[in-house]
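*Asks:* Take a look at the following structure, please.
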Amino acid sequence: MLRTRSSVIRRIRDFFTLQDYLEVQTPVLSPDLIPEPSIIPFQTRMHHPFRGSRELYLVPSPEVHMKKLLSWGSGSIFQIGTCFRNQEQIGHLHNPEFTMLEWYTMHADFLDSLEMMKDLLSDLSSFDEAGICSRDPVVMTVSEACWNYARFDLEHCQDIDMLREAVESKEHVETEAIRSATWEELFHRLFLTWVEPELPADRPCFLTHYPRQIDCLAKDIPGTPWKERWEVYLSGRELANCFSEEISYDKVASYYCRSSVELPGRYRDLPEPPPLVDHSFPELYRSDHGSCSGTALGVDRLIMALTGAQDIRGVILFPLSDIL
């Protein structure tokens, strides 16, 4: 497994290098993060004998630094590095410390990156013991998946009351948790329970056009309730997430404002404070940034799918589940 892992990572590196992507290595420790209320980071404190102390965070992704490089004119870049997420599951599919491949393609959108993802999987097919990557992928919108596998009309459920009715009709129960849930929480309740388990597992499955209500730095598709975003599943497991990156200063600044307001509520029951947010970050988009698409891929899960492994232990060395 270790030899296979090394070979897969080497092949990924060659794939991007041959297409003139610049490999970068950005910090794992950061004084601030892009605000994401759904992600809780690990935090630590740096102590210095002359400069005092400062809160730092282990990055949940290299996004915050890679986007700075893009704004400085780096061109298309990629990185294979270690990331960390706190307050999440620990088990056969999850480890708080994991390896992520993240790449950004200049002058491209999410559909361009979808084709590149197909090419990457094809390039890795020689490692694919189950033959999953060599099979034609399924590509459908999130709305189509909701209808195909759970028979609920997502486009009709843009109003929270309609979506709540859809949840109640599936679960045949009305609870306080359902009544008080946000649109995003209701959607994930439906999607994770009724749709995701039914997605094809014998081939790559791409879901495109995610709902706008799931707030993120992906471009909106004008005149629709969707965003320029896709996720891909391999062996029935979520593997990668991609956006056409929002590059409007006003919209990035608005996202920072909204997300920063939501962070304290997300941390209400936790001992640590919300992560620090650099509100000057949107200033990167004051100048002509150029269109860009970004993709983040879980390398450990990719190797699991390629090798048929059912447990992340062995795919990564010294997982935390071994000591907890």
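The values are calculated or read from the model by the stated rules, or taken from the named source; none is laboratory data. Quantities reported herein were computed from a predicted structural model and do not represent experimental measurements. We place every Cβ from the backbone using ideal geometry, glycine too, and count neighbours over all the protein chains shown. Side chains are part of the model used for accessible areas, which takes the heavy atoms of the whole protein and leaves out ligands, DNA and RNA. Shrake-Rupley method; radii C 1.70, N 1.55, O 1.52, S 1.80 Å.
*Asks:* Taking Cα extents along the principal axes in Å straight from the coordinates, which label in (1) 61, 47, 47; (2) 56, 56, 46; (3) 73, 45, 37 is the correct one?
*Replies:* After the calculation, the listed value that fits is (1).
*Asks:* Before rounding to the nearest 500, sum -39500 (n - 2.57) across all DSSP H runs of length at least 4 in the chain and divide by the residue total; then give [θ] at 222 nm in deg cm²/dmol. Write down the numbers at each step before the final one.
*Replies:* On the way: 9 runs with 100 residues, N = 324.
One gets -9500 deg cm²/dmol as the mean residue ellipticity at 222 nm.
*Asks:* Pop a pseudo-label 7 angstrom from the Cα along the beta-carbon direction at both Asp278 and Thr193 and give the gap in nm to one decimal.
*Replies:* If labels sit at Asp278 and Thr193, their model points lie 4.1 nm apart.
*Asks:* Taking the chain, how many lysine pairs are there with alpha carbons less than 18 Å apart, if each pair must be eight or more places apart or span two chains?
*Replies:* The number of close lysine pairs in the chain is 6.
*Asks:* Still on this structure, I have one more. Lys/Arg Cβ at +1, Asp/Glu Cβ at -1, dipole of region 20-165 taken about the Cα centre: which of Leu58, Leu70, Leu121 is farthest positive-ward?
*Replies:* Leu58
*Asks:* Between Cys205, Ala305, Ile316, whose Cα lies farthest towards the positive end of the dipole of the chain when Lys and Arg beta carbons carry +1 and Asp and Glu beta carbons carry -1, centred on the Cα centre?
*Replies:* Result: Ile316.
*Asks:* Got a sec? Charge dipole of the chain, +1 on Cβ for Lys and Arg, -1 for Asp and Glu; which of Ile247, Cys216, Thr17 is way out at the positive end?
*Replies:* Of Ile247, Cys216, Thr17, it is Thr17.
*Asks:* For region 22-134, just say rounded, prolate or oblate: build the C-alpha gyration tensor, square-root its eigenvalues into a ≥ b ≥ c, call rounded for a/c under 1.5, and beyond that prolate if a/b exceeds b/c, oblate if not. Could you put the intermediate results ahead of the total?
*Replies:* On the way: a/c = 2.55, a/b = 1.51, b/c = 1.69.
The shape class here is oblate.
*Asks:* Where Lys and Arg each count +1 and Asp and Glu each count -1, what net charge lies around Trp226 among other residues with Cβ under 11 Å from its Cβ?
*Replies:* Value of the local net charge: +1.
*Asks:* Quick check for me: using +1 on Lys/Arg Cβ and -1 on Asp/Glu Cβ, what's the dipole size of the chain about its Cα centre, in debye to the nearest 20?
*Replies:* For the chain, the charge dipole is close to 960 debye.
*Asks:* At 1.4 Å probe size, with every protein chain present, just tell me what the per residue accessible area of the chain comes to in Å².
*Replies:* 48
*Asks:* Which whole-Hz ³J(HN,Hα) couplings does region 208-225 yield from phi under the Karplus relation 6.51 cos²θ - 1.76 cosθ + 1.60, θ = phi - 60°, glycine and proline marked x?
*Replies:* Once rounded to whole Hz, the list reads 10, 6, 7, x, 4, 5, 7, 6, 6, 8, 9, 5, 6, 8, x, x, 9, x.
*Asks:* So, one more: Quote the FRET efficiency, to the nearest 0.05, computed for Val24 versus His156 with a Förster distance R0 of 45 Å and r equal to the Cβ-Cβ distance.
*Replies:* 0.55
*Asks:* Here is a further query. What nm value, rounded to one decimal, do you get for the distance between Ser248 and Gln213 when each label is placed 7 Å out toward the C-beta?
*Replies:* Computed distance between label sites Ser248 and Gln213 equals 2.1 nm.
*Asks:* Stretch Leu320-Arg54 to full length: gain in nm at 0.36 nm per residue minus the Cα-Cα span?
*Replies:* Residue separation times 0.36 nm, minus the Cα-Cα distance, leaves 93.1 nm.
*Asks:* Return the percentage of antiparallel bridges among DSSP beta bridges fully within the chain, rounded to the nearest 5 %.
*Replies:* Bridges in the chain that DSSP calls antiparallel: roughly 85 percent.
*Asks:* Please report the carbon-and-sulfur percent of the accessible area for the chain; probe 1.4 Å, protein heavy atoms only, DNA, RNA and ligands left out.
*Replies:* C and S fraction of accessible area: 50 percent.
*Asks:* Once you order the gyration tensor axes a ≥ b ≥ c over the Cα atoms, which shape class does region 87-241 get: rounded for a/c under 1.5, otherwise prolate or oblate by comparing a/b with b/c? Don't skip to the end; give the middle numbers.
*Replies:* Working: a/c = 1.81, a/b = 1.51, b/c = 1.20.
Prolate, because a/c is 1.5 or more and a/b exceeds b/c.
*Asks:* Rounded to whole Å, give me the distance from the Cα center of region 292-313 to that of region 83-112.
*Replies:* 9
*Asks:* Then there is this: Test of understanding: what is the full-extension gain from Val173 to Asn148, defined as 0.36 nm times their sequence separation minus their Cα-Cα distance?
*Replies:* Values: separation 25, 0.36 × 25 = 9.00 nm, distance 2.29 nm.
Full extension of this stretch gives 6.7 nm more.
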